[in-house]
Every structure is written in structure tokens, then in C-alpha cells.
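J.: Structure incoming, see below.
The values are calculated or read from the model by the stated rules, or taken from the named source; none is laboratory data. Please read these numbers as outputs of a predicted model, since none were measured by experiment. Because the Cβ atoms are built from the backbone with ideal geometry, glycine has one as well, and the counts that use them run over all protein chains shown. Quick note on the areas: whole protein, heavy atoms, side chains included, nothing else; ligands and nucleic acids left out. Shrake-Rupley method; radii C 1.70, N 1.55, O 1.52, S 1.80 Å.
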Amino acid sequence: MNTSQDSGNATNIANFKNLINFCLGFGAGYNPTKDALKVPNLQSQLNTASTLLQQSITNETVYIQATDTRRDLFAQLKPLATKILNAFSVSGVPASAVAEVKTINRKIQGKRASSSEKSASIAVEGETPQPKSISSSQQSYEYMVEHFYTLIELIRSHAVYNPNEDALKVSTLQAYLTDLQNANSNVMVANTAWTISRAARNKCLYSPETGLVDTALDVKNYIKAVFGASSMEYGMVKGILFKYAKL
């Protein structure tokens, strides 16, 4: 979580509440003509900012949980793909089919065939030259899902592939594929919600002239103007700090 920014946002809101308390304490002496500086409107702005901050934090938490879940699910994919390849290789399918599965497995593993591997016939597992890395874009979650889907479609097209191990059965792999797709979708949905709530929070706090920070500075300037720069009243609020966030 971006705890530093969240802390800065929370501090601005807490200080705004403190500033309002002083305005209330000044009684009839605090009587601005500008509607935005009147206490009821300040309290309304405070409530809105507090709600938006909490919503942003909640949505960020959901996003982080979704990314953690996705990471953990996808961590199982590479070793599983290798197991599938090994089981498929000894299932009695043609060598050409094994070669196709090897190609997909390399993409899942983040490797591409070396030139010598391309020209060779089906190599014994563990004796192939060290493959080179493929483009990082091919290792995105979307591509990994696509590669795994292709892998499942390849092996299910060969009826002879029918392992006894439940974890390697096509139906189990299809269920796992669905989990991967859902996990990836959940991250995208959570990220959208977090992005929108963060933007709403920032607009409430930091919009020029109408945002909480600019409103707070106007309140302080009003108190300074009404009671005087050397007054006790201004002395009570001048040290209440409000900072703009780096957005």
C-alpha cells in the first residue's frame, strides 16, 4: 500500500477537523461571508473527504488481496506445465504432438528454443541446450492464460492422453484455467475501482480553490484577516499544516 500518501491524506483530514473545532470555538467571531468557509459546509467537506479516503483504502486493500491471490495461483502454472509435458510425452502420442506441447511449455516457462534445438529432433528431457528468454510481454498474465489454454486444447485433442493423476486430467486443468482467468479478471476489476476512488479522493482533497487543502488555507487566511496576524486566535491555527500530495 502507498502508506506514505495515505498518511499525508489522513493528516490533512485530521488537521482540517482540528481547524473546524477552532472555528466553532471562536463562536460569533468566526462569521465568513463565503459559503464554502461557513462551518456547516466545512463539516460537510470533512465528512466527504473522510468517506472517500476510507473507500480508497478499502479498494486498495481489495486490489492487493486480488493481486496476491493471482500471484499465488499463477505460481503453480510453470511446474504444472512441465508435469503435463512429461505425462504427455509418455502417453503414446506422436513425436510431432510432443514437439507442439514442448513449444507451448517453453512459452509458459519464459524460454524460446535455441537455434540448435530448433534443428534437432525431439530431445530427451534435460539434455536440450539452455533456451533463451522470450519477450517479457509473452509472460504477462494474459499471455500466460492464452498459452495454458492452447496447451490444454493440444493435449485434449489426443484421446490417448488420459493420465491416472487427477491433477493432470484435462477436466482438472480446465478448472484451474478458469481459476486463472477469474483471478486475472478480479485484479482488473479491483484496480479499476481503486483508481476511480483514488481520483475522487484526490479531487476532494486537492482540487484548486475548492479542495479541502485550499479551503483550509482560506479559513486560516480569513481568521488572520478578521482577528489579526498577531492575535491569539490566529496563533492557535497558523501552525496547523496542510500539504499538497504528489499525485
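J.: How many of the residues in segment 158-186 are in a loop (DSSP other than H, G, I, E, B), open to solvent by 60 Å² or more (accessible area, probe 1.4 Å) and touching a residue at least 60 places away in the same chain (Cβ under 8 Å)?
T.: 3
J.: Which pairs turn up if I take residues in segment 51-79 that are farther than 25 Å from VAL145 by Cα and look for partners that are open to solvent by 60 Å² or more (accessible area, probe 1.4 Å) and of a type outside the set (A, V, I, L, M, F, W, C) with beta carbon separation below 7 Å, at least 6 apart in sequence or on another chain?
T.: Cβ pairs passing all conditions: SER56/ARG198.
J.: With LEU168, LEU212 as the choices, which residue is among the hydrophobic types (A, V, I, L, M, F, W, C) and under 28 Å from the mean Cα position of the chain (by Cα)?
T.: Among LEU168, LEU212, only LEU212 is among the hydrophobic types (A, V, I, L, M, F, W, C) and under 28 Å from the mean Cα position of the chain (by Cα).
J.: Now for a separate question. Got a number for residues in segment 5-43 being in contact (Cβ under 8 Å) with a residue 60 or more places away in the chain, over 15 Å from GLU233 (Cβ atoms) and not in a helix (DSSP H, G or I)?
T.: 1
J.: Anything in segment 205-235 that is part of a helix (DSSP H, G or I), among the hydrophobic types (A, V, I, L, M, F, W, C) and open to solvent by 20 Å² or more (accessible area, probe 1.4 Å)? List them, or say none.
T.: LEU217, ALA225, VAL226, PHE227, MET232 - these are the residues of segment 205-235 that are part of a helix (DSSP H, G or I), among the hydrophobic types (A, V, I, L, M, F, W, C) and open to solvent by 20 Å² or more (accessible area, probe 1.4 Å).
J.: For segment 190-204: of the residues being more than 21 Å from SER7 (Cβ to Cβ) and of a type outside the set (S, T, N, Q), which is surrounded by the fewest Cβ atoms within 10 Å (Cβ to Cβ)?
T.: Once the filter is applied, the top-ranked residue is ILE196.
J.: Then there is this: Taking the conditions exactly as written (surrounded by fewer than 15 Cβ atoms within 10 Å (Cβ to Cβ), at pLDDT below 95 and closer than 19 Å to PHE242 by Cβ), does SER44 satisfy them or not?
T.: No, not satisfied.
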